[in-house]
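What follows is a short report on a single structure.
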Amino acid sequence: NDVLKVGGWYDYYHSQIRFDLSGMPLVATQARIFLFPQDCAGGTTNINFYRNGANWQTSTVAWSNAPYSNWVGLGPPPTQGWWYSIDITDIYNQWRSGTPGQQNYGLKMAPTNNADTWSNFLGSSYGVEWQRPQIHVYYNPTGTDSLPKFKWPLQAPSYANRNVSQEW
């Protein structure tokens, strides 16, 4: 989508986000999601983050068929023009562990307030690539690691761009 909507006008708008992690490091020292706020005029809302427990498709997910999810944290409201970042290191490492029940089904973002409050972000199909959702993964290379493989931009429109940074 062009915009990830979180908030509401006495109703609720939730958004789903997921990154393709194939080929990414198995263990991160830090993993952060970066989202670019859009249309923060008026009131913004804090954001509840939930870990999705089942698969979903961008083209068909809706309120009525969204996957079940478990609350993982609360984020502050965004500030227009400044990247919004959340630390997902523990979740990322669980996703990459290969442990049953820890698959990467992404996150749901839900508002804490819906009284004419909105925290909107530019989505994965937004026209300006550098403002699309990003994941930054930092890790310590091991002796068996080859040089990082960068893939920019991702070809799958249902996923956001990703960055890999290597710490030395």
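Just one of the listed residues (Thr44, Thr60) is free of Cβ contacts under 8 Å to residues at least 40 places away in the same chain and not small (Gly, Ala, Ser), and it is Thr60.
Flag not set for Asp116, criterion: at pLDDT 90 or above and among the charged types (D, E, K, R). Among the residues of region 128-158, those that are within 20 Å of the chain's Cα centre (by Cα), assigned to a loop (DSSP other than H, G, I, E, B) and at pLDDT 90 or above comprise Val128, Arg132, Pro133.
Within region 27-72, how many residues are among the small types (Gly, Ala, Ser), within 22 Å of Trp95 (Cα to Cα) and at pLDDT below 95? Break it down stepwise before answering.
First, pick out the residues of region 27-72 that are among the small types (Gly, Ala, Ser): 28, 31, 41-43, 53-54, 59, 62, 64, 66, 69.
From what's left, within 22 Å of Trp95 (Cα to Cα): 28, 31, 53-54, 66, 69.
Right, trim to at pLDDT below 95 and you get 53-54, 66, 69.
Going through region 27-72 one residue at a time, the tally reaches 4.
The residues in region 84-113 that are surrounded by 15 or more Cβ atoms within 10 Å (Cβ to Cβ) and in contact with a Leu (Cβ under 9 Å, 6 or more places away or on another chain) can be counted, and the count is 11. Filtered by the rule that a residue be open to solvent by less than 60 Å² (accessible area, probe 1.4 Å) and within 22 Å of Ser125 (Cβ to Cβ), region 1-31 gives Val3, Leu4, Val6, Gly7, Ser15, Gln16, Ile17, Arg18, Phe19, Asp20, Leu21, Met24.
The values are calculated or read from the model by the stated rules, or taken from the named source; none is laboratory data. Predicted model only: the values in this text are computed from it and were never measured. A quick note on method: Cβ atoms are made from the backbone with ideal geometry, for glycine too, and the neighbour counts reach across all protein chains shown. SASA here: full protein model, heavy atoms, side chains in, ligands and nucleic acids out. Shrake-Rupley method; radii C 1.70, N 1.55, O 1.52, S 1.80 Å.
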